[in-house]
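I have placed the structure first, in the form of structure tokens, so that the comments after it can refer back to it.
The values are calculated or read from the model by the stated rules, or taken from the named source; none is laboratory data. Quick caveat, the model's predicted, so the values are computed rather than measured. When we count neighbours, we look across all protein chains shown, and the Cβ atoms used for this are built from the backbone with ideal geometry, even at glycine.
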Amino acid sequence: MTSGGGYGDPSQKIDYVFKVVLIGDSAVGKSQILARYARDEFSLDSKATIGVEFQTRTLVIDHKSVKAQIWDTAGQERYRAVTSAYYRGAVGAMLVYDITRRQTFDHIPRWLEELRAHADKNIVIILIGNKSDLVDQRAIPTEDAKEFAEKEGLFFLETSAFNATNVESAFSTVLTEIFNIVNKKSFAASEDQENGNPGSLAGKKIDIVPAAFVEADNAEEIMARIETKSQKIESLLKHYKHVEALKTALEGSPLKTLDERCKSANWIVVRKAIMAIKDIDGMLNALDAEYYDILMKYLYRGLSTGEEPTCEQCLMIHEKLTERAGLGCILRCLSDTTNTV
């Protein structure tokens with residue numbers, strides 16, 4: 001029923017875009033699961049996720065092209081308030097624990113409660129017991145997890161990012177179920193139209209994201225540009241070209257869209273470049289003045305996250321940038337409500 005791989009062709013027609021979030025305690029293997037699915041990679045030297053990151057993969061379900069936007073959220077307690085904002089617009093969730101660490105399973109009810117408090121009521125959820133290859137270290141019996149999943153109405157699988165066991169199946173389960181829900185809604189709307197139902201949804205976008213969520217007409221085009229920009233920034237950072245990475249991050253920002261998914265994805269990319277800056281004075285010396293206002297906007301977004309490392313870095317840059325650009329930069333930033341980040 002499903003097929004696909006990699007990032008896909010940015011010019012390819014996309015029928016659906018589904019946002020899926022990975023949640024669970026730190027070090028349960030969320031990033032490794034994502035890397036295995038999106039790029040078929042596994043790293044023994046994986047670092048803890050900071051804030052939120054995302055990957056995409058395009059696949060085909062019932063002859064329809066589906067792009068999965070998969071968001072990897074940090075599991076550390078200090079990021080809980082930050083990552084909750086990223087549940088918005090999610091239509092699927094993967095709730096991950098480590099089968100070798102009892103505490104990670106005991107925390108699942110709390111993660112589930114948070115998810116249900118912030119996400120759409122129709123969200124598709126799968127419980128994942130990761131690191132199934134470590135059979136000798138198992139601390140949570142499979143039956144315990146199955147029982148919990150059945151009680152809560154969740155799908156359930158055990159996976160191993162290390163040897164790729166069930167990783168493909170886990171994502172396929174979630175994405176196919178989302179696809180089926182969307183198709184049922186489309187079918188119901190079509191029947192209403194044929195029957196002359198005055199409450200018909202005909203002509204309206206059939207979606208299962210919250211009604212308050214705004215999706216840009218060109219969201220797919222924006223996301224493709226952000227993906228390309230992200231890859232370029234990663235390459236620049238690997239070669240220690242931090243200022244060039246920041247310039248690239250600031251260029252082409254989706255300022256006029258109200259689509260928070262696009263803005264959040266772009267912020268993740270910009271944040272990487274901001275956090276990589278070590279020599280702030282040197283960066284400002286090399287950065288053209290035309291970038292000052294947009295940089296200031298992103299600094300305020302960073303400060304609004306409440307995330308300690310991000311706030312510290314943004315505060316330091318803000319102080320130096322204000323000295324360099326003057327109070328006018330702040331006033332322009334705060335008074336401009338048309339261009340938002």
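Pick from Phe179, Phe171: which is within 18 Å of Ile70 (Cβ to Cβ), modelled with pLDDT under 95 and in a helix (DSSP H, G or I)? Show your work before the answer.
On the way: Phe171 fails: modelled with pLDDT under 95.
So the residue among Phe179, Phe171 that is within 18 Å of Ile70 (Cβ to Cβ), modelled with pLDDT under 95 and in a helix (DSSP H, G or I) is Phe179.
In the set Ile317, Ile274, Ile268, which member is β-branched (Val, Ile, Thr) and more than 26 Å from Thr56 (Cα to Cα)? Write out each step before concluding.
On the way: Ile274 fails: more than 26 Å from Thr56 (Cα to Cα); Ile268 fails: more than 26 Å from Thr56 (Cα to Cα).
Result: Ile317 is the single residue among Ile317, Ile274, Ile268 that is β-branched (Val, Ile, Thr) and more than 26 Å from Thr56 (Cα to Cα).
Restrict the check to segment 276-283 and report whether at least one residue is closer than 30 Å to Val21 by Cα, in a helix (DSSP H, G or I) and free of Cβ contacts under 8 Å to residues at least 40 places away in the same chain. Write out each step before concluding.
In the first step, residues of segment 276-283 are kept if they are closer than 30 Å to Val21 by Cα; the result is 276-277.
Narrowing further to those that are in a helix (DSSP H, G or I): 276.
Those still in the list that are free of Cβ contacts under 8 Å to residues at least 40 places away in the same chain too: 276.
For segment 276-283, residues closer than 30 Å to Val21 by Cα, in a helix (DSSP H, G or I) and free of Cβ contacts under 8 Å to residues at least 40 places away in the same chain: present.
Touching a residue at least 60 places away in the same chain (Cβ under 8 Å) and either out of contact with any Leu (no Cβ under 9 Å at 6 or more places or on another chain) or of a type outside the set (Val, Ile, Thr) (or both), is that true of Glu244? Spell out the reasoning first.
Numbers: touching a residue at least 60 places away in the same chain (Cβ under 8 Å): no; either out of contact with any Leu (no Cβ under 9 Å at 6 or more places or on another chain) or of a type outside the set (Val, Ile, Thr) (or both): yes.
Spelling it out, it is not the case that Glu244 is touching a residue at least 60 places away in the same chain (Cβ under 8 Å) and either out of contact with any Leu (no Cβ under 9 Å at 6 or more places or on another chain) or of a type outside the set (Val, Ile, Thr) (or both).
Restricting to segment 34-62, and then to whatever is touching a Phe, Trp or Tyr at 6+ places or on another chain (Cβ under 7 Å), modelled with pLDDT of 85 or more and of a type in the set (A, V, I, L, M), can you tell me which residue is farthest from Ile99 (Cα to Cα)?
Ranking the qualifying residues of segment 34-62, first place goes to Ile61.
If you take the residues of segment 273-286 that are buried (at least 18 other Cβ atoms within 10 Å of the Cβ) and over 26 Å from the mean Cα position of the chain (by Cα), which of them is farthest from His239 (Cα to Cα)?
Leu284
Which members of segment 287-308 meet the condition of being in a helix (DSSP H, G or I) and within 15 Å of Trp267 (Cβ to Cβ)? Reasoning before the result, please.
Looking only at segment 287-308, we keep the residues that are in a helix (DSSP H, G or I), and these are 289-304, 308.
Residues satisfying the conditions are Ile294, Leu295, Met296, Lys297, Tyr298, Leu299, Tyr300, Arg301, Gly302, Leu303, Ser304.
Can you pull out every residue in segment 248-267 that is at pLDDT 85 or above and crowded, with 19+ Cβ neighbours inside 10 Å? Working first, answer last.
Looking only at segment 248-267, we keep the residues that are at pLDDT 85 or above, and these are 248-251, 266-267.
Across segment 248-267, the qualifying residues are Thr248, Ala249, Leu250, Asn266, Trp267.
Please state which one of Ser65, Ser31, Ser11 is surrounded by fewer than 21 Cβ atoms within 10 Å (Cβ to Cβ), within 21 Å of Thr228 (Cα to Cα), small (Gly, Ala, Ser) and modelled with pLDDT of 85 or more.
Values: Ser31 fails: surrounded by fewer than 21 Cβ atoms within 10 Å (Cβ to Cβ); Ser11 fails: modelled with pLDDT of 85 or more.
Just a single option satisfies the conditions, and that option is Ser65.
Sort out which residues of segment 299-340 are touching a Cys at 6+ places or on another chain (Cβ under 8 Å) and closer than 30 Å to Thr73 by Cβ, and write them in order of number. Talk me through it step by step, then tell me what you get.
Restricting attention to segment 299-340, the residues satisfying the condition of being touching a Cys at 6+ places or on another chain (Cβ under 8 Å) are 299-300, 302-303, 305, 321-322.
Within segment 299-340, Leu299, Tyr300, Gly302, Leu303, Thr305, Leu321 qualify.
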